[in-house]
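**Q** Structure below; questions to follow.
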Amino acid sequence: MTAPAGRRAVIAGAATSDYPVLPDKAETEVHVQAAERALADAGLTFDDVDGYATVGYYPMYCVGMCEYLGIHPTWLDETNIGGASFEVHVEHAARAVEAGAAEVVLITYGSVQLSAMGRRIGGRGGSVSATQAWDAMWGNTLVGSYALAATRHMAEYGTTAEQLAEIAVTFRRHAGFNPFAQYRDPITVDDVLASRMVADPLHMLDCCVVSDGGGACVVTTEERARDLPKRPVHVLGGAHTLTHALNVSQSHDLTVSSAARSGPLALQRAGVALEDVDVLQLYDSFTITVLVTLEDLGFCAKGEGGSFVEGGRLAFDGALPTNTDGGGLSACHPGMRGMFLIVEAVRQLRGEAGATQVADAELALVHGTGGMLSTGATLLLGTEAP
Amino acid sequence: MTRPVHEPAPLPEKAKPREGPPQDLEMAPYWAATLEGRLLVQRCIPHGHTQLYGRAHCVTCRGEVRWEDASGFGTVYSFTVLRQHHSRSLRHLLPLVVALIDLDEGPRIMTNLVDVAPEDVRVGMRVEVFFERVSDDAALPLFTPVPE
């Protein structure tokens, strides 16, 4: 992104709320806890905030949260592309601070879906309007949509259940180092294959966990961050798009996700190359989500994702460290997980990631996926200015 | 070509009937035809592009569209077997085969495959439509394998 040197966008603070089970907290309290931690991390207060972005399941959610927080920003964003929304908020906020439309943008996420509703993995989320309900009449579910992608990928490219399982096994290993992770005990490929089938070919352990939790980050200018306590993380570039919305029948090719277009565009805008990426944070709603995203971003050719993830390549001590906090598959997935990807990327780039810290991590690629493998948003974050 | 329209099977205890389509002005011709055992697709007048669901214009060329009868034949693009479901109107149908079908006319549609064991379903399998009435206003297009 081209901006005057002083106005280049950075993330000055980032934090998660408590997670993964918050039976005594309201959704709004999760936002507040994450916001307070992210602002403290940035050395800022609510009084500094003149821009705010969030999204949730209710109408006028963003301004509702402003009212609740008692803030009256002059820049707002409630873009909703599902779980990847927060990557878009960071992209938009970066553009806004670079253009001078805001100085300090707070972005928050909060959810208590687990405690409020219990497990809903077999269900379909949200309300549906007429045309969006097109596919739903045949009983298709969220997991069903990703299962349809997995079946097609297997038929077209010979991808195996064992290869998908390897992704879950690797991220569980990472979760073992994360004291807050919802599931921490190691699992094997056989454990994944022996877990209950939810929607063929996806087993229970191919599916993300269902959690409470949230997170927040603060986007400001490089100039403002100079006086702030933490090392700023530069927002180098971002891009987002869609292949369809809630009707997977409207995808032309279910084995190709939005990452195929948002990835290259974000890399181009950031002026960096894929081979320079040190650490990856990928939306892992299901194992197939990760496999398709890796292919579409260009880390391997289409159809080769299965063999690519074998041998622990995605482990924090492997060739392409991915989801170093344990991901949505093991650590925490409160419904729209995109904010957690951003927070973990910031932690890695600051060297704050603890046992799964990737040595000399300078460039992180974050990719959120939303809806029914529908939307995608890529961010490039780095320790150095572009 | 007209296909059979079946009455729904008697419901087990505590099960709810399957839901019909939502009120949607643009899809009214489509659902009206299902009660007559006819599967419709939208085709554009300038170039013959086809599409489903129905829209105000062709998503390929923006040209004017009209409804026309489809053959009712298609090919399985992908499928899954749902083993659990949140809805009491579907739980009694588990395991439920949810499939995407590429109609011979072009559009890809969601459906359920019935009268076939889940383990026998394959990508690329040839299938044909029949209908099951879900309300006074609509019958649900369902698919079954074409006998070899």
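The values are calculated or read from the model by the stated rules, or taken from the named source; none is laboratory data. Everything numeric in this text was worked out from a predicted model, so none of it was measured. Here Cβ is always computed from backbone atoms with ideal geometry, including for glycine, and neighbour counts include all displayed protein chains. Keep in mind that these areas ignore ligands, DNA and RNA; they rest on the heavy atoms of the full protein, side chains included. Shrake-Rupley method; radii C 1.70, N 1.55, O 1.52, S 1.80 Å.
**Q** Taking 50 Å² as the minimum loss, tell me which residues in the range A:227-254 lose that much accessible area going from the chain by itself to the full protein complex (1.4 Å probe).
**A** Those residues are A:Ser249, A:Gln250.
**Q** Can you show me the helix-derived [θ] at 222 nm for chain A, built from DSSP H runs with n ≥ 4 at -39,500 (n - 2.57) apiece and divided by the number of residues, rounded to the nearest 500.
**A** Using -39500 (n - 2.57) per qualifying helix, the result is -9500 deg cm²/dmol.
**Q** Among the DSSP beta bridges whose two residues both lie in the protein assembly as shown, what percent are antiparallel, rounded to the nearest 5?
**A** Expressed as a percentage, antiparallel bridges in the protein assembly as shown total about 80.
**Q** Next up: Given a cut-off of under 8 Å on Cα pairs at least six residues apart, what relative contact order in percent is computed for the range B:24-145?
**A** Contact order relative to length: 24 percent.
**Q** I'd like the interface area for chains A and B: accessible area of each alone minus the complex, both sides summed, 1.4 Å probe, protein heavy atoms only. What is it in Å² to the nearest 100?
**A** Protein heavy atoms only, the A-B interface buries about 2900 Å².
**Q** Something else now. If R₀ is 25 angstrom, what is the calculated FRET efficiency for the pair A:Asp317 and A:Glu162, using the beta carbon separation as r and rounding to 0.05?
**A** Once rounded, the FRET efficiency stands at 0.70.
**Q** In whole Hz, with x marking every Gly and Pro, tabulate ³J(HN,Hα) for the range B:55-67 from phi via Karplus 6.51 cos²θ - 1.76 cosθ + 1.60, θ = phi - 60°.
**A** Calculated HN-Hα couplings, in order: 10, 5, 8, 6, 6, 8, 10, 6, x, 5, 10, 9, 7 Hz.
**Q** Hand me the chymotrypsin sites (Phe, Trp or Tyr not before Pro) from the range A:50-80 located in a DSSP loop with no more than 15 other Cβ atoms within 10 Å, in residue order please.
**A** Within the range A:50-80, the qualifying chymotrypsin sites (Phe, Trp or Tyr not before Pro) (loop, at most 15 other Cβ atoms within 10 Å) are A:Tyr57.
**Q** Once you sort the root eigenvalues of the Cα gyration tensor of the range A:137-185 as a ≥ b ≥ c, which label holds: rounded (a/c under 1.5), prolate (a/b larger than b/c) or oblate (the other case)?
**A** Oblate, because a/c is 1.5 or more while a/b does not exceed b/c.
**Q** Related question: Among the trypsin sites (Lys or Arg not before Pro) in the range B:84-125, which ones are in a DSSP loop with at most 16 other Cβ atoms within 10 Å of the Cβ? Mind listing them?
**A** Sites meeting the loop and neighbour criteria: B:Arg88, B:Arg122.
**Q** Let me ask something additional. Ignoring ligands, DNA and RNA, what percent of the 1.4 Å accessible area of the range B:24-145 is carbon and sulfur?
**A** Answer for the range B:24-145 is 49 percent, counting heavy atoms of protein chains only.
**Q** Calculate the spin-label point distance for A:Ala301 paired with A:Arg231, positioning each point 7 Å from the Cα along the beta-carbon direction, and give it in nanometres.
**A** 3.8 nm
**Q** On a straight-distance basis, which lysines could pair with B:Lys16 in a cross-link, Cα separation under 19 angstrom, same-chain partners fewer than 8 positions away excluded?
**A** The qualifying lysines are none; the list is empty.
**Q** At 1.4 Å probe radius, can you tell me the per residue accessible area of the range B:24-145 in Å²?
**A** 40 Å²
**Q** While we're looking at this one, here's another question. Normalised by the residues of chain A, what does the relative contact order come to in percent, with Cα pairs under 8 Å and at least six apart?
**A** Relative contact order for chain A comes out at 26 percent.
**Q** Further question: Sort the range A:251-357 into rounded, prolate or oblate with this rule: let a ≥ b ≥ c be the square roots of the eigenvalues of the Cα gyration tensor; rounded if a/c is under 1.5, and if a/c is not under 1.5, prolate when a/b is larger than b/c, oblate otherwise.
**A** rounded
**Q** Straight-line reach from B:Lys14: which lysines have a Cα under 25 Å away, not including same-chain ones fewer than 8 places off?
**A** Here the lysines satisfying the reach criterion relative to B:Lys14 do not exist.
**Q** How many angstrom separate the Cα center of the range A:232-288 from the Cα center of the range B:2-73?
**A** 34 Å
**Q** Could you state the angle between the C-alpha long axis of helix A:27-42 and the longest principal axis of the C-alpha atoms of chain A, as a value from 0 to 90 degrees rounded to the nearest 10?
**A** It is inclined by approximately 60 degrees.
**Q** Assign one of three labels to the protein assembly as shown, namely rounded, prolate or oblate, based on the Cα gyration tensor with a ≥ b ≥ c the square roots of its eigenvalues; rounded applies when a/c is under 1.5, prolate when it is not and a/b is larger than b/c, and oblate otherwise.
**A** Prolate, because a/c is 1.5 or more and a/b exceeds b/c.
**Q** Where does each of B:49-56, A:370-377 land if you order them by average Cβ count within 10 Å, highest first? Please report the intermediate quantities before stating the final value.
**A** On the way: B:49-56: 17.4, A:370-377: 28.1.
Going by the mean number of other Cβ atoms within 10 Å, highest first, we get A:370-377, B:49-56.
**Q** A further question follows. Would you calculate the separation in nanometres between label points at B:Glu13 and B:Asp137, each defined as 7 Å from the Cα along the Cα-to-beta-carbon direction?
**A** 3.4 nm
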